[in-house]
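*Asks:* Dropping the structure in here first, questions after.
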Amino acid sequence: MKRSLFGRVWPNVTAVVMFAVCLFPVYWMFSTAFKPTGDIISETPVWFPTNITFEHFRTATEAEHFWTFVRNSLTVTCLAVLFSLIIALAGSFALARMRFRGRRGFIIGFMLAQMAPWEVMVIAIYMIVRDGSMLNSLVPLTAFYMMMILPFTILTLRGFVAAVPKELEESAMVDGCTRGQAFRRVILPLLAPGLMSTSMFGFITAWNEFPLVLVLSKESGGAQTLPLWLSSFQTQFGDDWGATMAASSLFAIPILILFVFLQRKAVSGLTAGAVKG
């Protein structure tokens, strides 16, 4: 009985400890953003803020070009996710439903593209964008962010399309629908979990991307995004750790909101897309 009780308890205790270790940096970031400067620089750590202040958030939001960077990040991220979903819907349907020469090679190519680190291609990407006179523009950022998240999106949605019985599509076509209408009315609604999971993955990837925007954006306030702004924030405000933590908290809020709203669909979508097809 004791061994059985220990076998049930220790995994839960281990999970709680790991959760606390992973959550502590996030808690410290948010709590520091609300602490007065005196508590932040105190030699004795203040674990729980008592005198809450919003001055650090005011400092961050009033920084030069802050709202420009917010608009740039939202524009690039949302467009990259949208375009990747549109292309991935067609690509995943072709890989799951159609049989053509080179199909297996396409799938292997997408897997290799997903595993390859994009950082090794930064120099080549910079030369392409420079030769095209598109430095400090949101267009190449959107295009390359889309290509970064496209392989995962296609592979995941392919599993969902393959899991939809062909009989449903054939029945719709027998009732008078074209292949496109059958896809739009029958298959597309069943892909909602996959669309949500891939959208969340793509949003997080594009939102946090740093090396590309560092290389392709040279002018202050031009095509820079929030990750690049955040990297220079410490230099801009010296040792103002409160403002730095407030800026980091503002940067993390969109991801947290997206995860809260999509977590159930995203988890089920990632699981189903990984084992089906």
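The values are calculated or read from the model by the stated rules, or taken from the named source; none is laboratory data. Since this is a predicted model, take the numbers as computed values, not measurements. As a convention, Cβ positions derive from the backbone with ideal geometry for all residues, glycine included, and neighbour counts pool all protein chains shown. The area values use the complete protein model at the heavy-atom level, side chains included, leaving out ligands, DNA and RNA. Shrake-Rupley method; radii C 1.70, N 1.55, O 1.52, S 1.80 Å.
*Asks:* Which of 197, 172, 51 sits closest to the plus end of the dipole of the chain, meaning its Cα is farthest towards the positive end, when Lys and Arg get +1 and Asp and Glu get -1 on the C-beta?
*Replies:* Of the candidates, 172 comes out farthest on the positive side.
*Asks:* Filter the trypsin sites (Lys or Arg not before Pro) in region 153-231 down to the DSSP loop ones having no more than 14 other Cβ atoms within 10 Å, then list what survives.
*Replies:* Answer by residue number: 218.
*Asks:* Rounding to the nearest 10 and keeping the result within 0 to 90°, find how far the Cα-based axis of helix 138-163 lies from the longest principal axis of the chain.
*Replies:* The angle comes out at about 50 degrees.
*Asks:* At most 13 other Cβ atoms within 10 Å and a DSSP loop assignment: could you name the trypsin sites (Lys or Arg not before Pro) in region 52-133 that fit?
*Replies:* Filter output for region 52-133: 99, 101.
*Asks:* Which value at 222 nm does the chain reach when only helices count, each DSSP H run of 4 or more adding -39,500 (n - 2.57), with the total divided by all residues and rounded to the nearest 500 deg cm²/dmol?
*Replies:* Roughly -24000 deg cm²/dmol at 222 nm, from the helical runs in the chain.
*Asks:* Modelling each spin label as a point 7 Å along the Cα-to-Cβ direction, I'd like the residue 108/residue 74 distance in nm, to one decimal.
*Replies:* Going from the residue 108 label point to the residue 74 one covers 4.5 nm.
*Asks:* Let me ask you something else. What is the helix-to-structure angle for 2-33, meaning the angle in degrees between its Cα long axis and the longest Cα principal axis of the chain, kept from 0 to 90 and rounded to the nearest 10?
*Replies:* Roughly 60 degrees between the two axes.
*Asks:* Top to bottom by accessible area (1.4 Å), largest first, where do 139, 9 land?
*Replies:* 139, 9
*Asks:* I would also like to ask the following. Count charges around residue 178 for me, please; just the other residues with Cβ under 15 Å from its Cβ, Lys/Arg as +1, Asp/Glu as -1.
*Replies:* +1
*Asks:* Sticking with this one: Using alpha carbon centroids, what distance separates region 102-174 and region 1-77, in Å?
*Replies:* 33 Å
*Asks:* When Lys and Arg each count +1 and Asp and Glu each count -1, what net charge do the other residues less than 15 Å away from residue 62, Cβ to Cβ, add up to?
*Replies:* Around residue 62, the charge tally is -2.
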